[in-house]
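The structure appears below as structure tokens.
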Amino acid sequence: MGVTRREALELAAGAAALAAGGTMASSALAQGVANGGPGTVKLGSPRKTMYWVATVTPCTRNGMFDPGAMAAIMQWHRSQGADGVVVLGTSGEFASFSVAERKFIAETALKNRNGLNVIVGPGTANIVETIELAQHAEQNGADGLLVIPPFYFNQPPLDGLTDYYKRLMDACGLPTNLYHIPGTSEVSITIDLMKNLAGYSHLAGIKDSSGSVEGYQAFLAAMPQLNMRCGTNNNLEAALDHGMGTILADGNQFSGKCAAVMKAFHAGGDWKGELAKLRAAQRAIRAANMGANTYATMKYVLSLEMGGPQMFARTPYPQLTDEQMASIKKALADVKAMA
């Protein structure tokens, strides 16, 4: 998962092409080949158009990480047809866990990968711990990183963000994806930032969770040789039309439905019909959650789907009330009746 590294004489030409927003023409770039000589794009995955689940981090009722449930989640998503899993992203409540806990969570997921492609989120508000977590992921066999920009300080300047990511990418060779979720991080990933990092062979692309149609289209147009994954299903048509992948929190509740979209796409079938089913299911749960927080809702639905013990959100997010659980459970039954 990375952008192009233009080594030797190709470096200047590649940088100029990126600055112009041009398309890299080689078949290696177009297909995102993970291995090869100068000019190849290191995706960290066999192809771009894959479906990753932005997985939750399962917790017990007292808020502690549940490694047994994590192992079961990995097996579940594999059985449902997911291509990969992103561990410790926003859906994984990454900022609510300590560095030591995050290492244990990543290790647990990687030991139970069951053939899944695993991307780990090492991002923190400081470069030292981000590098530490990234190197830990690399040492434990992760396929790539999804790195949120340093948060709390709103909109640091371009040169500061460039320095932050360069320090990380100098220290860790895993294919690296930048995480664009400005509504949460308060820091935007920009095309200019991506271009500043274009000399790294392991700059893989982005996850765009902004939900902006226009913004996502701009990413697609600017650097099509990368894997510009969408993180919201409203942009999934654009992603697949341009040969890109997707990382979906929807997979926690509807992993099979997300996988069905991708399966139909690769088979040349009615993938838009499958996408309509996913969106209908999502709307049904959203309408029924009675104001419950996203994390508790996703974990409860996933617990019902897997038929296992209930998983809980971590503080500061509250647990579901009995009324919320009853409403969500009924909605899930209605979703299954629609399928």
I'd like to compare 202-212, 271-281, 130-140: which one has the highest average count of other Cβ atoms within 10 Å, and what's the full order after that?
202-212, 130-140, 271-281
Antiparallel bridges, percent of DSSP beta bridges restricted to the chain (to nearest 5):
10 percent
Protection proxy (average C-beta count within 10 Å per residue), highest first, orders 49-61, 65-77 as 49-61, 65-77
State, as an integer percentage, the relative contact order of the range 220-339 based on alpha-carbon contacts under 8 Å between residues 6 or more apart.
19 percent
Cα-based helix-to-principal-axis angle, 99-111 vs the chain, degrees rounded to 10
90 degrees
Between helix 294-306 and the chain: long-axis angle, C-alpha atoms, 0 to 90°, nearest 10:
70 degrees
With a Förster distance of 35 angstrom and the Cβ-Cβ distance between Glu186 and Asp241, calculated FRET efficiency to the nearest 0.05 equals 0.70
Expected 222 nm ellipticity per residue - DSSP helices of 4 or more, -39500 (n - 2.57), all of the chain, to 500:
-14500 deg cm²/dmol
Across Lys111/Lys272; Lys42/Lys257; Lys207/Lys299; Lys111/Lys207; Lys42/Lys329; Lys103/Lys257, pairs whose alpha-carbon gap is larger than 32 Å:
Lys111/Lys272; Lys42/Lys329
When ligands, DNA and RNA are left out and all protein chains stay put, how many square angstrom of accessible area per residue does the range 258-322 have with a 1.4 Å probe?
49 Å²
Setting aside same-chain residues fewer than 8 positions from Lys263, which aspartates and glutamates have a Cα under 17 Å from its Cα?
Asp83, Glu237, Asp241, Asp250, Glu274
State the antiparallel share, in %, of DSSP beta bridges confined to the range 114-273, rounding to the nearest 5.
0 percent
When only Cα pairs under 8 Å and 6 or more residues apart are kept, what is the percent relative contact order across the range 177-250?
27 percent
When the accessible area of the chain is split by element with a 1.4 Å probe, what percent falls to carbon and sulfur?
54 percent
FRET efficiency for Arg167 and Asp334 from the Cβ-Cβ distance with R0 = 56 Å, rounded to 0.05, comes out at 0.65
Suppose a student asked you for the relative contact order of the chain, using Cα pairs under 8 Å spaced at least 6 residues apart; what percent would you report?
20 percent
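The values are calculated or read from the model by the stated rules, or taken from the named source; none is laboratory data. The model shown is predicted, which means the values in this text are computed figures rather than measured ones. Note that we place each Cβ from the backbone using ideal geometry, even for glycine, and neighbour counts take in every protein chain shown. We work out accessible area using only protein heavy atoms, side chains counted, and drop any ligands, DNA or RNA first. Shrake-Rupley method; radii C 1.70, N 1.55, O 1.52, S 1.80 Å.
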